[in-house]
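So the structure is just underneath, and the comments pick up after that.
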Amino acid sequence: MNIDGIPTRSLRAHPEQRAIDIIDQTRLPHTLHWVRVATLEAAAHAIRAMQVRGAPLIGATAAYGLALALDFEASDRSLAEAAALLRSTRPTAVNLHWALARMEAVLAPLPPAERCAAAWAEAAAIADEDVAQNTAIGAHGLALWREQIVPRGDMLDVMTHCNAGWLATVDGGTALAPVYAAHDAGILVHVWVSETRPRNQGLLTAWELEQHGVPHTLIADNAAGLLLRQGKVDAVIVGADRIAANGDVANKVGTYLKALAAADNGIPFYVAAPRSTIDFACADGVHIPIEERDGDELRLLHGLDGRGVPSALRQLPAGEDVANPAFDVTPGWLVRAIVSERGTCAASREGLFSLYPEEARG
């Protein structure tokens with residue numbers, strides 16, 4: 001995607017320097033700040049503290065984190081301990097576990113002396129494949145727009161939740177890939193962006209849409225139902241952190257409410273995600289672990305003060321009891337279609353196996 005007109009990836013690898021650069025997303029949308037990550041511990045912190053977020057980007061960062069760990073020691077013990085540390089950072093996003101399992105499968109059979117170079121090469125392959133998959137998701141989503149929605153009128157009005165764009169991936173985005181594809185194809189598209197409290201990832205979506213020149217409007221989360229009922233939305237499209245084998249979808253908390261409102265008003269609700277987000281070993285949404293995050297994300301508000309200085313404002317006493325689940329689960333029957341790099345399918349076991357028949361055989 002573009003920053004000030006310059007094509008940019010959200011992660012920059014420097015294997016010759018044994019480091020990667022990431023955007024500190026906790027400082028957006030106010031400041032674009034790149035952070036140098038050169039150790040396993042820094043990579044784990046970046047994932048846990050949500051300096052990087054979005055399932056595909058978390059997976060790519062974890063892959064490079066493993067490469068960074070093997071720069072210091074490439075023994076079997078080091079490989080296992082590094083993978084365990086990275087797995088512990090976020091429980092819900094399955095891309096993290098997928099990427100680490102793929103890295104271990106490549107690295108474990110190799111002698112320690114060969115593991116470092118192989119780790120950097122495999123992490124780069126994961127990053128490049130993410131970009132290619134997101135491009136394909138964009139093309140398949142654009143076909144959906146053309147077939148189902150665009151003929152209805154001149155403007156395509158899309159609603160999304162959280163951030164499943166360029167910032168959540170290495171490049172291109174998942175849920176926003178079809179939006180960018182439509183915009184780049186000359187289709188008039190407008191995005192309703194929900195703020196997505198308490199982490200306010202919607203602000204990141206608004207920031208990157210602005211960078212790419214896509215018209216958009218930021219809304220309070222609770223305004224979504226009204227807009228859907230008023231007929232101001234043609235489709236809702238979101239990303240996913242994990243899709244169970246039966247088509248149930250775990251995504252940022254608040255997604256389920258939008259799916260319910262879309263169903264009540266006959267508006268299609270789509271989920272866009274690559275293969276690495278589909279967990280065929282997870283039978284259904286009941287078995288998806290839901291991350292419970294620190295309560296201070298709810299007790300404190302972050303932004304700029306009147307002088308433009310980053311500040312935190314306490315809206316609740318420190319001892320106030322709060323619940324802060326990071327995700328919810330939308331049952332597959334509420335999802336019109338899942339859009340992956342292989343095409344679109346029903347949000348069901350049969351639908352997913354139609355795109356990935358090798359998983360059914362396995």
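The values are calculated or read from the model by the stated rules, or taken from the named source; none is laboratory data. All figures in this text were calculated on a predicted structure; none of them were measured in a lab. FYI the Cβ positions are ideal-geometry reconstructions off the backbone, even for glycines, and counts take in every protein chain you see.
Residue count for the stretch 319-340 under the criterion of being among the hydrophobic types (A, V, I, L, M, F, W, C) and more than 22 Å from Gly138 (Cα to Cα): the result is 6.
Residue-by-condition table, conditions (1) more than 30 Å from Ala60 (Cα to Cα); (2) modelled with pLDDT of 95 or more:
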site: His212; (1), (2): no, no
site: Leu218; (1), (2): no, yes
site: Asp221; (1), (2): no, yes
site: Leu226; (1), (2): yes, yes
site: Ala235; (1), (2): no, yes
site: Lys252; (1), (2): no, yes
site: Thr255; (1), (2): no, yes
site: Ala272; (1), (2): no, yes
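Residue count for the stretch 36-64 satisfying the condition of being assigned to a strand (DSSP E or B) and either under 21 Å from Gly308 (Cβ atoms) or under 14 Å from the mean Cα position of the chain (by Cα) (or both): 0. Picking from residues in the stretch 19-35 that are in a helix (DSSP H, G or I) and in contact with a strand residue (DSSP E or B) (Cβ under 9 Å, 6 or more places away or on another chain), the one that is surrounded by the most Cβ atoms within 10 Å (Cβ to Cβ) is Thr26. Working only within the stretch 197-253, note down all residues that are among the basic types (Lys, Arg) and either closer than 25 Å to Ala93 by Cα or buried (at least 21 other Cβ atoms within 10 Å of the Cβ) (or both). Answer for the stretch 197-253, where residues must be among the basic types (Lys, Arg) and either closer than 25 Å to Ala93 by Cα or buried (at least 21 other Cβ atoms within 10 Å of the Cβ) (or both): Arg197, Arg199, Arg242, Lys252.
One residue alone among Leu313, Leu304, Leu334, Leu355 is among the hydrophobic types (A, V, I, L, M, F, W, C), touching a Lys or Arg at 6+ places or on another chain (Cβ under 8 Å) and on the phi < 0 side of the Ramachandran plot, and that residue is Leu355.
For Gly186, the conditions (1) part of a helix (DSSP H, G or I); (2) of a type outside the set (D, E, K, R); (3) over 15 Å from the mean Cα position of the chain (by Cα) all hold with the exception of (1). Condition (residue is exposed (fewer than 15 other Cβ atoms within 10 Å of the Cβ), in contact with a His (Cβ under 6 Å, 6 or more places away or on another chain) and over 21 Å from Ser88 (Cα atoms)) applied to the stretch 311-320: is it met by at least one residue? Yes: one or more hits. Determine whether Ile338 is in contact with a helix residue (DSSP H, G or I) (Cβ under 9 Å, 6 or more places away or on another chain), farther than 20 Å from Ala263 by Cβ, of a type in the set (A, V, I, L, M) and surrounded by 15 or more Cβ atoms within 10 Å (Cβ to Cβ). No: the conditions fail for Ile338.
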